[in-house]
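Heads up: the structure comes next, in structure tokens.
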Amino acid sequence: MGKGTCSRVAEAWQRLEGGLNCTVSKSRLGCHFKLDARKTTFTKELRSGLATFLTMAYIISVNSSILVDSGGPCTVHDCTTDQLAHPGFHPDCRLRPNPGYDRCLAETKGDLVVATAAAAAIGSLVMGVVANLPFALATGMGANAFFTYNMVGFHGTGPLTYGEALAAVMLEGAVFLAISALGLRGRLARLIPRGIRLASAAGIGLFLAFTGLQAGQGVGLVGPSTSTLVTLSAGALERPSFWLGAAGFVLTAFCLARGVKGGIIYGILFVTVVSWFRGTQVTIFPRTPVGDVTYAYFRRMVDLHKIKHTAGMVDFTGLKKRAAWVPLLTLLYVDILDTTGSMYSMAEYAGFTDENGGFEGEYWAFLVDGGSTIVAAALGTTTVTTYIESTAGIKEGGRSGLTAVTTAACFVMAIFFGPVLMSVPSWAVGPALVMVGMMMMKLIKEIEWGEAKEAVPAFLTMILMPLTFSISNGIIAGIGVHIVLHLYEYGEAAARWIWRAREAFGEGRNQVSAAAGEMQQAATVPPV
């Protein structure tokens, strides 16, 4: 009786689903997304879009947590002053607990949560509708860390203000858009040596992992040392929050090892939910005035947070500074390599590529990527790129832009859950950063480690990024060493070119002399 009922329900659901898929495939929506031509269905695309969102949803909390470390638009004027101990405004108020500055940071994080979700929704929607590809977009990991710790600096202690750095991001997006429109993207990507391209991704992964292990942004396992520079943080192993973060890391690793989709977001959810209970040693809502305020906001659960501080902060006057141009070129370089590699890898996996390696919608996809970065900068966040996590949706059968549109709809829904997303503790984000760093390390196997001319620049690029806490330092060092190690080849090539030019010039002179001699001889012969 029970089995027969279940069978009838399953058959009825299959008929309903089949009828829906057939109707949508023949509609204008199905024709636009070419559902029949790409051998996919409406419901399959919806499931694929949801799978993609679950795999990359961690970017909302992780990106906002990283960017808020820059201080955003908060300045010393947001600090609460102690007229007795520290009369007036002091720059160091940004580097120590301060109620006024912390309040500004909290508001900024809310802005960044919405900006991150909105940028991902807009980019993914346009990618799906215009390029008709199952690729989702969001703020790129690595570029956000470079923006925060190298361009703006921790709590605004870097060479650029938040608005000036956003102007560099917006200009980088415009340049990328122009390069893509002119078809020069592939040529520029090939200018960077292959070993350095591969090592840059791995170096950024180490950089993110190192950030996730530190206090403030991560689990607090690594701390400073006067003798060895870095060491095991004092009291780290006694902190319950560290062990909770470690449990989240193990859960994420287990999910990845078992092939469970969305492993990173599950790890973040586990640690975050446990940290929501008040009265525990790992709570994110301590029974303090600040904890009471944040808990009251969290209990609202659903709220449409308006972007008050980060949107429209772009300040192009900062482009007059020399400090803005090297980071701008670095962002452009990383964006070109990241987007190019991700798109072609996913297109190959989905079976979209032709015999020349190209794929349908390629031109529009790169234009959408560049345009999305411009929109993101206007909202107050960093470079948007095509996410390799889109392969989760492709694995589920997503083959059209409807997958990306579904992912965009999920990001739109996430905008309304700001109180929840703002209540993600650092010990939940830190393990995710370490895991993302691990994923980015897989490219080093393609480096020719037996060839010193490729291995040495690649290793320097990779190791200097975390050790100097600068992505650009690693790239510059790698390129510089690559040039030095290849000076002999460059000189030899230049000598061959000069020799060939000299020979060609000599042959040209000989041909001109012979022609002139023939003309002179013909002129001296008397006419018959």
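The values are calculated or read from the model by the stated rules, or taken from the named source; none is laboratory data. All values derive from a computational prediction rather than experimental measurement. We place every Cβ from the backbone using ideal geometry, glycine too, and count neighbours over all the protein chains shown. Remember, those area values only see protein heavy atoms, side chains included, never the ligands or the DNA or RNA. Shrake-Rupley method; radii C 1.70, N 1.55, O 1.52, S 1.80 Å.
The magnitude of the dipole of the chain, with charges of +1 and -1 set on the Cβ of Lys/Arg and Asp/Glu and taken from the Cα centre, is near 1120 debye.
For the peptides 454-464, 311-321, 11-21, 294-304, the ranking by packing is 454-464, 311-321, 294-304, 11-21, with the highest mean count of neighbouring Cβ atoms within 10 Å listed first. Here mean projected area of the Cα convex hull in nm² was calculated from the structure, and among (i) 39.3; (ii) 29.3; (iii) 21.6 it sits at label (i).
Taking amide H positions as modeled 1.01 Å from N, with prolines and chain starts lacking one, the residues under 5 Å from Phe417 and 5 or more places away or on another chain are Asp303.
Quote the FRET efficiency, to the nearest 0.05, computed for His32 versus Val412 with a Förster distance R0 of 35 Å and r equal to the Cβ-Cβ distance.
0.95
Extension gain, Glu238-Val260: 0.36 nm per intervening residue step, less the Cα-Cα distance, totals 4.8 nm. Note on Thr81 and Lys395: the extension gain reaches 107.5 nm, defined as 0.36 nm multiplied by sequence separation minus the Cα-Cα distance.
Note on Arg103: accessible area is roughly 140 Å² with a 1.4 Å probe, heavy atoms of protein only.
The calculated FRET efficiency for the pair Phe298 and Trp449, based on their C-beta separation and a Förster distance of 35 Å, comes to about 0.10. Near the amide H of Val230, within less than 5 Å, lie the amide hydrogens of Ser225, all on another chain or at least 5 residues away, with H placed in the peptide plane.
Straight-distance candidates among the aspartates and glutamates for linking to Lys321, with alpha-carbon spacing under 14 Å and chain neighbours fewer than 8 residues away dropped: Glu164.
Its DSSP H runs of at least 4 residues, each contributing -39,500 (n - 2.57), put the calculated 222 nm mean residue ellipticity of the chain at -20500 deg cm²/dmol, to the nearest 500. The candidates Leu125, Leu251, arranged from most to least accessible area with a 1.4 Å probe in the full protein assembly, appear as Leu125, Leu251.
Annotation: His486 carries an accessible surface of approximately 40 Å², with a 1.4 Å probe and no ligand, DNA or RNA atoms counted.
Scoring 160-173, 133-146 by mean Cβ neighbours within 10 Å over their residues and listing the highest first yields 133-146, 160-173. FRET efficiency for the Ala181 to Ala253 pair, using the beta carbon distance and R₀ = 51 Å, is estimated at 0.75.
Summing Cβ point charges (Lys, Arg +1; Asp, Glu -1) relative to the Cα centre of the stretch 272-408 gives a dipole of roughly 1100 debye.
Quick check: from the Cα gyration tensor, does the stretch 94-153 come out rounded (a/c under 1.5), prolate or oblate?
Here the stretch 94-153 falls in the oblate category.
Between Phe316 and Phe154, residue separation times 0.36 nm minus the direct Cα-Cα distance comes to 56.2 nm.
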